[in-house]
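Worksheet: the structure to be examined is printed underneath.
The values are calculated or read from the model by the stated rules, or taken from the named source; none is laboratory data. Nothing here was measured: the structure is a model prediction, and the numbers come from that model. Glycine gets a Cβ as well: all are built from the backbone with ideal geometry, and neighbour counts include every protein chain shown.
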Amino acid sequence: MAGAYSVSYLAGLALTARVLRRRTGGRLDDGALRRTYARLLTAAGLAAAAGWAADRACAARFGDGTLPNAAALAAGVLALGLVYVAVARLTKVGELSELRRLR
């Protein structure tokens, strides 16, 4: 399901870029948009892998049941969030600095 959402958002991005390109009469940017999306995709991919690995490690360690499943979910979410923020920070995603200014 997550893959289907990703594909649909990618298709929406391509369609929106095409329409905007026609309306503005040319290129949308100098590649900054593609670089930002590449950084975000990298951060999301690595975060998903870390979240999955943490979930599987907890599931293998603690087995089945409500509490072990909740622990595995929490570990996966925590790993996903931490890795996403770390990779986004390392790749200098600009939106992170905007989030800090909202405080």
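Details
- Residue within the range 60-77 that is touching a residue at least 24 places away in the same chain (Cβ under 8 Å), more than 19 Å from Glu95 (Cβ to Cβ) and assigned by TED's automatic domain parsing to the domain that holds Leu96 present: yes
- Looking only at residues in the range 1-27 that are basic (Lys, Arg) and part of a helix (DSSP H, G or I), the one that is nearest to Leu41 (Cα to Cα) is Arg18.
Results for (1) at pLDDT 90 or above; (2) surrounded by 13 or more Cβ atoms within 10 Å (Cβ to Cβ), shown as yes or no for each residue.
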{"site": "Leu28", "(1), (2)": "no, yes"}
{"site": "Tyr37", "(1), (2)": "no, no"}
{"site": "Arg56", "(1), (2)": "yes, yes"}
{"site": "Asn69", "(1), (2)": "yes, yes"}
{"site": "Leu73", "(1), (2)": "yes, yes"}
{"site": "Leu82", "(1), (2)": "yes, yes"}
{"site": "Val93", "(1), (2)": "no, yes"}
{"site": "Arg100", "(1), (2)": "no, no"}
